[in-house]
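All remarks here apply to the structure that follows.
The values are calculated or read from the model by the stated rules, or taken from the named source; none is laboratory data. All values derive from a computational prediction rather than experimental measurement. Cβ coordinates were reconstructed from backbone atoms using ideal geometry, including for glycine residues, and neighbour counts include every protein chain displayed. Only protein heavy atoms, including side chains, enter the accessible area calculation; ligands, DNA and RNA are left aside. Shrake-Rupley method; radii C 1.70, N 1.55, O 1.52, S 1.80 Å.
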Amino acid sequence: AARASAASASPTARREKILTLESMNPQVKAVEYAVRGPIVLKAGEIEKELRRGIKKPFTEVIKANIGDAHAMGQRPITFLRQVVALCTYPNLLDSPSFPEDAKTRAKRILQGCGGNSLGSYSASQGINCIREDVASYIERRDGGVPADPDNIYLTTGASDGIATILKILVSGGGKSRTGVMIPIPQYPLYSAAISELDAIQVNYYLDEENCWALNVNELRRSLTEAKAYCNPKVLCIINPGNPTGQVQSRKCIEDVIHFAWEEKLFLLADEVYQDNVYSEGCQFHSFKKILYEMGPEYYNNVELASFHSTSKGYMGECGYRGGYMEVINLHPEIKGQLVKLLSVRLCPPVSGQAAMDIVVNPPIPGEESYSQFIKEKESVLNNLAQKAKLTEDMFNKVPGIHCNPLQGAMYAFPRIFIPSKAIEEAKAHKMAPDMFYCMKLLEETGICVVPGSGFGQREGSYHFRMTILPPVEKLKILLEKVKDFHIKFLEKYA
């Protein structure tokens, strides 16, 4: 019998796969993430071709699709790397090459780690002393508004925190299924997480004609329409905006908070670009601070989760995956459920937690590292402000491209005119018109940007998102190449 069984199991015979596109989780299949989507895969193929010596009209692929500062040549902040290095290899604590203020911080972090080692698990909510430092940072940032370390959760970048909160908020079926209100254009993490959780995406449109402002009348329209097919109970805000770069005014934030209070919505405030504000007259206001200043009726009732990260700002430490969320006014029993959910993934990367600590606990005046730290921080932010203005100005000189002021964050989201002949050709290739445009741009110039359709946009309008992170000289070359391409594209499809 055994021999017969072995004979029937021919080495060429293949059984059907258990996991196929038909049998897989349909929610995962529905997930799309344009920032690392088809255009980026194509860019990778072109890079391989260049390495094999295949001739192209360019010598390198410039990946302007993602806000990865260090990949674009930005130098790390010395103090942050010193502290993380000391935490990783404590033998360096005896080295005279490291400043005392870095050693003090590293020792404090290590004392909070099991066995004084960065290689140990931390509590699921994060290392206690780092959560205390985050709370102190929030209090300083918000002019004395109190922050409780018990409301702080360290996360694997901001993305992890956002996905976790959405997971706990989604419930119901049919018309009672949770609706999540997100800005359009949006950062595709939101639409991806909503698809994965089988929640209902509820779009509200930012006002492109008014520098991508958020209008409460548009929120009300969106909410009213959504109530016919779901239960909208979450409102997501990105400030400063990604991909749009707008910085919300204090009045706008007050209006949004009042709307959330009135309509009983849970607020998610994505504030990872809070250090990236460039335009004169613009200032970052945290939702937490404005909520507190609106008085106890708001402060004691509106449920708010706000997020920050090591990945953006002046730090650009994307790879450490450090982040935190502060969640206030959470029902005590839900707090226990949140900690339970976080405990399933054990803890966020401890090296990322250490990096987050330096973001919220940097050198202060009088400390050895202060002058170098401030010099490096201001250099990065001044450089980004220069590149934001350069990008806006150069795009607005190109016929058929319009770019709103880049008030903050680290992206441009210009509107592009696509002629009807190009739209027809895109349809023939079964592509969105702006995907067709971006693919042509990549193939002819080596510049990789992301089509606006990956972020959402009003019907009939076309955009792309690109980061402003490349060094100034490379950015100028990139913008000139886009200009030349766009003019030729208009001529070809006129």
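So here's what we get for this one:
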item: Some residue of the stretch 51-72 being in a helix (DSSP H, G or I) and assigned by the TED database to the domain that holds Glu480; result: yes
item: Flag if Glu132 is closer than 28 Å to Gly67 by Cα, without any contact (Cβ under 8 Å) to a residue 60 or more places away in the chain, part of a helix (DSSP H, G or I) and of a type in the set (D, E, K, R); result: no
item: Residue match in the stretch 259-275 (condition: surrounded by fewer than 19 Cβ atoms within 10 Å (Cβ to Cβ) and of a type in the set (Lys, Arg)); result: yes
item: Any hit, the stretch 34-44, residues being assigned to a loop (DSSP other than H, G, I, E, B) and touching a residue at least 40 places away in the same chain (Cβ under 8 Å); result: yes
item: Flag for Ala34 being modelled with pLDDT under 60 and under 14 Å from Asn65 (Cβ atoms); result: yes
item: Filtered residues of the stretch 304-340 (kept if crowded, with 22+ Cβ neighbours inside 10 Å, among the small types (Gly, Ala, Ser) and either closer than 21 Å to Val145 by Cα or free of Cβ contacts under 8 Å to residues at least 40 places away in the same chain (or both)); result: Ala305, Ser306, Ser309, Gly323
item: Test for Gly456: is it under 21 Å from the mean Cα position of the chain (by Cα) and open to solvent by 10 Å² or more (accessible area, probe 1.4 Å); result: yes
item: Residue ID - surrounded by the fewest Cβ atoms within 10 Å (Cβ to Cβ), chosen from residues in the stretch 201-253 that are hydroxyl-bearing (Ser, Thr, Tyr) and within 20 Å of Asp275 (Cα to Cα); result: Ser249
item: Residue within the stretch 105-117 that is outside the structural domain of Val449 (by the TED database), touching a strand residue (DSSP E or B) at 6+ places or on another chain (Cβ under 9 Å) and either open to solvent by 50 Å² or more (accessible area, probe 1.4 Å) or not in a helix (DSSP H, G or I) (or both) present; result: no
item: Where Lys175 falls short, out of the listed (1) open to solvent by less than 50 Å² (accessible area, probe 1.4 Å); (2) over 23 Å from Pro349 (Cα atoms); (3) not small (Gly, Ala, Ser); result: (1)
item: Complete set of residues in the stretch 257-288 that are of a type in the set (A, V, I, L, M, F, W, C) and either in the same structural domain as Asn404 (by the TED database) or in contact with a helix residue (DSSP H, G or I) (Cβ under 7 Å, 6 or more places away or on another chain) (or both); result: Ile257, Phe259, Trp261, Phe266, Leu267, Leu268, Ala269, Val272, Phe287
item: Residue in the stretch 84-95 that is among the acidic types (Asp, Glu), touching a residue at least 24 places away in the same chain (Cβ under 8 Å) and more than 14 Å from Met356 (Cα to Cα) present; result: no
item: Residue match in the stretch 327-344 (condition: closer than 21 Å to Lys167 by Cα, assigned by the TED database to the domain that holds Leu267 and in a strand (DSSP E or B)); result: yes
item: Residue check for Gly281: within 24 Å of Pro405 (Cβ to Cβ) and buried (at least 23 other Cβ atoms within 10 Å of the Cβ); result: no
item: Given (1) open to solvent by 50 Å² or more (accessible area, probe 1.4 Å); (2) under 29 Å from the mean Cα position of the chain (by Cα), number of the condition Glu425 does not satisfy; result: (2)
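Residue by residue, here is whether (1) charged (D, E, K, R); (2) part of a loop (DSSP other than H, G, I, E, B) holds:
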position: Ile257; (1), (2): no, no
position: Trp261; (1), (2): no, no
position: Val272; (1), (2): no, yes
position: His285; (1), (2): no, yes
position: Glu297; (1), (2): yes, no
position: Asn301; (1), (2): no, yes
position: Phe307; (1), (2): no, no
position: Gly316; (1), (2): no, yes
